[in-house]
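First comes the structure, then the notes that go with it.
The values are calculated or read from the model by the stated rules, or taken from the named source; none is laboratory data. Since the structure is predicted, the reported quantities are computational estimates derived from the model, not experimental observations. Here the Cβ positions follow ideal geometry from the backbone for every residue, glycine too, while neighbour counts run over all protein chains shown.
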Amino acid sequence: MIDPSHPIAKLLKEDRRYKIDAYAFVFEALNFAHTQLGMGAERAAEPEPEEDEPEEPGPKEAERHLTGQQLCEAIRQYALEQYGYMAQCVLNSWGVHTTSDFGEIVFNLIGIGQMRKTSDDKREDFDNVFDFEEGLRQSFKITLPDA
């Protein structure tokens, strides 16, 4: 169970369109993009210092950034790897029906400080990246293990 004071718990009460599984899946797909697909351009981290908190000296840790289109492709690949032919059904059960929904989820997470964006990132970057039927069902391939 999620701590009721956690920002995601508050978000789930305010925006009931998506299940918590959808938010967790986006984080997992982002990790998959970085670790398995090698996606994301490195850029210097731009932490937002708290008003009363002095900025820490020393080098800033680099973070890897994906565009909305790149994240959608990583999500598509991760969904197929995790759920196979049922990927579209699973995502739909969480309230996700189009790539635009991923944009809503990501920008909800940005709004509560759980993800970051650059000045170039827009919610619209997630619109119409791929069609769910084509990208999650028609592109699914059954592969047999080597004999």
Considering each residue of region 81-109, count those that are in a helix (DSSP H, G or I), within 20 Å of E124 (Cα to Cα) and among the β-branched types (V, I, T), and give that number. 3
May I ask you to list the residues in region 99-147 that are buried (at least 17 other Cβ atoms within 10 Å of the Cβ) and closer than 14 Å to A79 by Cα? T99, F102, F132, G135, L136
Return a yes/no flag: does region 80-101 have any residue that is under 11 Å from the mean Cα position of the chain (by Cα) and modelled with pLDDT of 95 or more. yes
Out of all the residues in region 112-146, which are at pLDDT 95 or above and assigned to a helix (DSSP H, G or I)? R123, E124, D125, F126
All but one of (1) among the hydroxyl-bearing types (S, T, Y); (2) within 15 Å of V26 (Cβ to Cβ); (3) not in a helix (DSSP H, G or I) hold for Y78; state the number of the condition that does not hold. (3)
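Yes or no: region 74-87 includes at least one residue that is on the phi > 0 side of the Ramachandran plot and either touching an Asp or Glu at 6+ places or on another chain (Cβ under 9 Å) or crowded, with 19+ Cβ neighbours inside 10 Å (or both).
Scanning region 74-87, I find no residue that is on the phi > 0 side of the Ramachandran plot and either touching an Asp or Glu at 6+ places or on another chain (Cβ under 9 Å) or crowded, with 19+ Cβ neighbours inside 10 Å (or both), so the answer is no.
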